[in-house]
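The values are calculated or read from the model by the stated rules, or taken from the named source; none is laboratory data. From a predicted model like this one, the values you see are computed outputs, not experimental measurements. All Cβ positions, glycine included, derive from the backbone under ideal geometry; neighbour counts span all protein chains shown. Only protein heavy atoms, including side chains, enter the accessible area calculation; ligands, DNA and RNA are left aside. Shrake-Rupley method; radii C 1.70, N 1.55, O 1.52, S 1.80 Å.
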Amino acid sequence: MKQANEAPRRHKLIEYANGPSLEEINGTVPVPTGKGFWRTLFAYSGPGALVAVGYMDPGNWSTSITGGQNFQYLLMSIILISSLIAMLLQNMAAKLGIVSQMDLAQAIRARTSKSLGIILWLMTEFAIMATDIAEVIGAAIALYLLFHIPLVVAVFVTVFDVLLLLLLTKIGFRKIEAIVVCLIMVILLVFVYQVALSDPDWGAVIKGLVPNAATISTHPTVNGMSPLSGALGIIGATVMPHNLYLHSAISQTRKVDHSDPDAVATAVRFTQWDSNIQLTFAFVVNALLLIMGVAVFKSGAVKDPSFFGLFHALSNTSMLSNGVLIAVAKSGVLSALFAIALLASGQNSTITGTLTGQVIMEGFIHMRMPLWARRLVTRLISVVPVLICVWLTRNLPAVDEHEALNTLMNNSQVFLAFALPFSMLPLLMLTDSATEMGARFRNSGWVRGCGWVAVIGLTFLNLLNLPAAFANFVSPALAPEAHIAAYIAIALILALLGWCMYDLTQHNRRLTALAQEAD
């Protein structure tokens, strides 16, 4: 019993943390036992929505729409393949969290050296900040387009979404999941409405879902984009490293009896159902974005793929493809709905990005900050490059300002290429191991095979695109130096991957030896 003169515990801004993942919400959501499929699925539904947000954030929009403008429905198969890979990886992440009761960051840190853990933490932090830059740009532009707030002011306004986060932390995790689902539905309905008005060629859409060699061809080049570069852009914007950390943490929010293997198996099964359903919605949204590029606008009409250009194209009747769209566009509804969806997408990503930041900070370096403080620090850092970009282009024509912001958003995504292999590879190795997961929950043979193909393929494609991504940061005259820097970065990434694999393999061997000695 607390003594009368005992002082209340004072919470520090930064505290040591080495407990359960996202301890405040870990195991707080009750789930039924022995009930029907649909009631049980409803209880487990929610974490998949938070994960799906990352697959339809503002960074995906211009790549999908521009891909449709330039190559019609050719890249639909790339969106489908990316979505299937996402389902595979997210299912592994959720299973790791439920079975091991550790998120991916905790699992990596417990099985590798402290120095490697710090390096991986920093890389993932940069990836989260890169994603946050896209969210700042998307939200600021949406505020500018909807309410005519000057861009500099709109960028500062995005900082105050921390107040939204403060409110959400008070209402409970289940309600946060519901809010995210509602925002996803807003985005989905906006694009369903716009695509339905455009009356696309559904036969061509379905045909585009079938992969063929032309999707990875370097010719033809349309508006500076080849099918291969368009495919790489879609893949890079779709599969993101922070989603794997997030899912391995929030899959643990359900109250599961871990002493009962059948209860654990049920949790894994329904969490994966939730994930696959929500990621199907994300696939539909990305497919609708590409269909918009083909069917909503006249072929080649969109010269400015930035959010500004897309907004104005939706209100420019000369750029739209049919009479119904033109009639609706005159009212301003099409462009306004686009901006509303953009704002909803940014707010969704605010919630998930902050939770992910907390997961990796606690997991890799055992530090915890209040969610509002974590969000404020990350957002203040992320707005700096956006403000610099807006300031440097303030006296230039509007089209140059728009192009600069779009280039900043696209170039910021290069950090995802650094971080992605270091989340995918450990995830696959951990879930492949019978020592780590047990014989019942380790990856099956077909999952293991598909997983290695996906991890090696995505890592190769990300590294293949690095020289071009580095060159985009500098003037054409410095392109050779940029390519050299990219190859050095690739060598460092491969060396770090080797280090990570060595640590994980050695740890697995030690655990196996201990298990054999115990037997």
Could you check Ile179 against (1) open to solvent by 70 Å² or more (accessible area, probe 1.4 Å); (2) modelled with pLDDT under 85; (3) aliphatic (A, V, I, L, M) and say which number it fails? (1)
Scanning region 25-38 residue by residue, those closer than 25 Å to Ala249 by Cβ and not in a loop (DSSP other than H, G, I, E, B) turn out to be Val29
Kindly provide the set of residues from region 339-393 that are among the small types (Gly, Ala, Ser), closer than 20 Å to Val159 by Cβ and under 21 Å from the mean Cα position of the chain (by Cα), ordered by number. Ala339, Ala344, Ser345, Gly346, Ser349, Gly353, Gly357, Ser382
Is it true that Ile78 is within 30 Å of Val222 (Cα to Cα), open to solvent by 10 Å² or more (accessible area, probe 1.4 Å) and under 15 Å from the mean Cα position of the chain (by Cα)? no
Looking only at region 254-291, and only at residues there that are polar (S, T, N, Q) and crowded, with 24+ Cβ neighbours inside 10 Å, the one that is farthest from Met424 (Cα to Cα): Asn286
Could you look through region 307-330, keep only residues that are closer than 24 Å to Ala398 by Cα and not hydrophobic (A, V, I, L, M, F, W, C), and pick out the one that is least open to solvent (accessible area, probe 1.4 Å)? Gly309
Only one of Phe415, Phe364, Phe422 is in contact (Cβ under 8 Å) with a residue 12 or more places away in the chain and open to solvent by 10 Å² or more (accessible area, probe 1.4 Å); which? Phe415
Find the residue count for region 381-407, including only residues that are crowded, with 16+ Cβ neighbours inside 10 Å, closer than 15 Å to Phe308 by Cα and of a type in the set (A, V, I, L, M). 3
Please state which of the following conditions Ala336 fails to meet, knowing it meets all the rest: (1) closer than 30 Å to Val455 by Cβ; (2) open to solvent by 10 Å² or more (accessible area, probe 1.4 Å); (3) assigned to a helix (DSSP H, G or I). (1)
Residue pairs meeting the criteria (Cβ under 8 Å; at least 6 apart or on separate chains; first closer than 25 Å to Ser229 by Cβ, in region 190-215; second open to solvent by 60 Å² or more (accessible area, probe 1.4 Å)): Ala204/Gln72; Gly208/Gln72; Pro211/Ile81
Name the residues in region 100-122 that are over 17 Å from Arg510 (Cβ atoms) and open to solvent by less than 30 Å² (accessible area, probe 1.4 Å), would you? Asp103, Leu104, Ala105, Gln106, Gly117, Leu120
Taking the options Arg442, Arg448, name whichever one is open to solvent by 30 Å² or more (accessible area, probe 1.4 Å) and not in a helix (DSSP H, G or I). Arg442
